[in-house]
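These notes are about the structure you will find just below.
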Amino acid sequence: MNNVNSAILDANTGWIILAIFSAIWIFLGWFWGRKTKQLDDFMLAGRNVGMALGTATAMATWVTSNTTLVAPQFALQLGIWGMLGYSLGCIGLILFAPLVKRIRSLVPHGYTSGDFIRLRYGVWTWRLFLLISMCYAVGWLISMGMAGGVLIHALTGIDYQYGMTVILIICVTYTLLGGLRAVIGTDFIQTILILVGVIILAVLTISEIGFEKMHKDVLSEQPELLNLLMPAAIMFLFNNLLFGIGEIFHSNVWWSRAFAFREGVGSKAYLLAGIIWAPIPIVAGFIALSVSSLGLNVPAADMVGPMVAAKLLGFTGAVIVFIVVFSSLASSLDSLLAATSDLILQDIYRGHINPQASDEQLRRIAKIIIVLLGIITWLICLPRIATLGSLLQYLGAFVASTIWPIAAGLYLKKANSTGAFLAMLLGTLSGIWAFFSIGFYVAALVSAVVSMSIVLISMWLIPDNFEWERLNENANQLTGEKAL
Amino acid sequence: MIVSSGFLSVMVTIALTVTIIAPIVLVILWIKDWKKGQLW
């Protein structure tokens, strides 16, 4: 773990802020969850979420602690294209908008992304998809747990292990109490906090240093960061675009919201969230270009954001940064806990173990799963394994392989289970190969290209003639014979 | 192909402007939904 001597808040202040926000989030989780009686209320917030909360939850979930940490890291490593490339993550939200409408009309009683894959492509493709989804979900959870520990340590000096543990406990507790309703409700408040905090930090950076000086200092010390033809950065741009699309198209975090939003809200909410999200990596990332001007010696690239904030801001500013980071972390962590528990509950427990489980049983099991997910994440996060950026990009190989099977499966009758299975399998394997043989910045790119080729060839060689009505499965009739 | 400081400032200023507008839009939407009883 990196030791940062520039912590600008003392540990006591850090603990006080953590305690205050823990109390707020947990109270709200209890408040919004106290009337939750049905499984649909707990898993999907009653399937009636409006435009404001819908937009905010999509936006907040996509602004992860990784955005706060990794956007400045990529700006430091890849310069202008690092920020723009990360910003292209918004395309995933924007492209998912029309899919939400299609998903709601084709799978009106669905709970998870796994439901669609099972009904569309059959059992074996569904199982492979679950494996990919679980690798991604656990990887993202680890990434965020680690980010929480690192950031709290950087800003307050609180030990990495303590910070990471507290963040996980808080998110597990309020998700447990309120389900998706608590997640979406807190997301709205967290979105406002994140946006206001990021704005303050950016404005202070501009007023303290200014674009002229920042540009001049970068030009003299690391001119390649200002080069629009930096090859690795251009590859990163396309890679990140595909990574973002893959993450959103496959992950149950986004599908569960598609099912949770009120009829007619989903498409508009995702579109607006994408537009609002797009500038965040630039606003949060460009501050890393001030490293030269500030004379900072950055021990690890993923520490650059907090270090610049620590250097630039006084006590009040440091508190704001801490709250922003804590909010962005919580808004994603809670969403992932809820969505992953839904996936395990619906697709593994109900789909494979107990198809006849009652609503009450399922709610009880959902809570057990949330706690177990928290414990597993905590255990894996205890040692800091890899830099955050690398860990995140490693998952690109997995998720990019799902883009074409999902998109084709939603719109094209010819898409078939053999093609979808091979596309996900070979796409993921080739992406992993590219990750280790070439670099992290091409893993998603290679995976998506291989997956696309297989889906297209399979539709040409062995076309299916799928009947869309088969996706309209009644929620209470999850059939064991289909699942098993 | 090195970008100028003007390019950098325009890019960041546009991004910052959209980010400043975002919370205002969200609060307006919240008020509209709340008045109609359609928050969730």
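The values are calculated or read from the model by the stated rules, or taken from the named source; none is laboratory data. Computed from a predicted structure; not experimentally measured. With ideal geometry, Cβ positions are generated from the backbone for all residues, glycine too; neighbour counts draw on all protein chains shown. Remember, those area values only see protein heavy atoms, side chains included, never the ligands or the DNA or RNA. Shrake-Rupley method; radii C 1.70, N 1.55, O 1.52, S 1.80 Å.
Within the accessible area of segment A:11-387, what % is carbon and sulfur when the probe is 1.4 Å and the other protein chains stay in place?
Numbers: 7740 of 11280 Å².
Ligands and nucleic acids excluded, carbon and sulfur reach 69 percent.
Counting C-alpha atoms alone, how compact is segment A:11-387: give Rg to one decimal and Dmax as a whole number, in angstrom.
My reading of the Cα-based Rg and Dmax gives 20.4, 67 Å.
Among all the aspartates and glutamates, which ones have a C-alpha under 20 Å from A:LYS216's C-alpha, if same-chain residues fewer than 8 places away are not counted?
Partners within reach: A:GLU208, A:GLU224.
Going by alpha carbons, how many degrees (0 to 90, nearest 10) lie between the helix axis of A:231-250 and the longest principal axis of chain A?
40
Holding the Cα-Cα limit at 18 Å, pick out from A:LYS101/A:LYS268; A:LYS268/A:LYS414; A:LYS101/B:LYS36 the pairs that are longer than that. Mind showing how you got there, number by number?
Values: A:LYS101/A:LYS268 10 Å; A:LYS268/A:LYS414 29 Å; A:LYS101/B:LYS36 23 Å.
Exceeds cut-off: A:LYS268/A:LYS414; A:LYS101/B:LYS36.
May I ask you to rank A:CYS135, A:CYS171 by accessible area, largest first, using a 1.4 Å probe over the protein chains only?
A:CYS135, A:CYS171
What percent of all Cα-Cα pairs in segment A:6-149 falls in each 5 Å bin, counting up from 0?
Pairs per bin, as whole percents: 2, 7, 9, 14, 19, 17, 15, 10, 5, 2, 1.
To the nearest 10 Å², what's A:ASP342's accessible area with a 1.4 Å probe?
Counting only protein heavy atoms, the figure is 10 Å².
With axes computed from alpha carbons, what is the tilt in degrees of helix A:417-437 against the longest principal axis of chain A, rounded to the nearest 10 within 0 to 90?
20
For chain A, what does the accessible surface come to per residue with a 1.4 Å probe? Please give it in Å².
Ligands and nucleic acids excluded, the result is 34 Å² per residue.
If each DSSP helix of 4+ residues adds -39,500 (n - 2.57) and the sum is divided by the residues in chain B, what number results at 222 nm, nearest 500 deg cm²/dmol? Before the final figure, lay out each step's value.
Details: 1 runs with 31 residues, N = 40.
Calculated from helices alone, the mean residue ellipticity at 222 nm is -28000 deg cm²/dmol.
Under 28 Å from the Cα of A:LYS213, which lysines turn up, not counting those fewer than eight places away in the same chain?
Reachable lysines: A:LYS311.
Relative to the longest principal Cα axis of chain A, at what angle does helix A:315-343 sit, 0 to 90 degrees, rounded to 10?
10
What does the helix-only formula give at 222 nm for chain A: each DSSP H stretch with n ≥ 4 adding -39500 (n - 2.57), the total divided by the residues, and the result rounded to the nearest 500 deg cm²/dmol?
Dividing the helical sum by the residues of chain A leaves -24500 deg cm²/dmol.
Net charge around A:SER293, counting only other residues with Cβ within less than 13 Å of its Cβ (Lys, Arg = +1; Asp, Glu = -1)? Mind dumping the intermediate values first?
Working: positive: A:LYS213, A:LYS216, A:LYS311; negative: A:GLU208, A:GLU212, A:ASP217, A:GLU221.
In short, -1.
With the dipole of the protein assembly as shown worked out from charges on the C-beta (+1 for Lys and Arg, -1 for Asp and Glu) around the Cα centre, which of B:GLY6, B:TRP30, A:THR156 lies farthest toward the positive end?
B:TRP30
Positive end of the charge dipole of chain A (Lys, Arg +1 and Asp, Glu -1 on Cβ, about the Cα centre): tell me which of A:HIS109, A:GLY89, A:ALA339 has its Cα farthest that way.
With unit charges placed on the Cβ atoms, the residue in question is A:HIS109.
Using a simple charge model, +1 on the beta-carbon of Lys and Arg, -1 on the beta-carbon of Asp and Glu, nothing else, what dipole does segment A:11-387 show about its Cα centre, in debye to the nearest 20?
Using only the charged Cβ atoms, the result is roughly 1060 debye.
What nm distance separates the two modelled labels at A:HIS352 and A:THR316, each placed 7 Å from Cα along Cα→Cβ?
Result for the modelled spin labels: 5.4 nm.
In peptide A:39-49, what is the residue-averaged number of other protein chain Cβ atoms found within 10 Å of each Cβ?
1
On a straight-distance basis, which lysines could pair with A:LYS367 in a cross-link, Cα separation under 27 angstrom, same-chain partners fewer than 8 positions away excluded?
A:LYS35, A:LYS37, A:LYS482
Amide H to amide H, which residues 5 or more places from A:PHE261 or on other chains are under 5 Å from it, using H placed in the peptide plane?
Amide H neighbours of A:PHE261: A:VAL49.
What is the gain in length, in nm to one decimal, between A:ASN12 and A:ASN465 on full extension, counting 0.36 nm per residue of separation less the C-alpha to C-alpha distance?
That works out to 156.7 nm of additional length.
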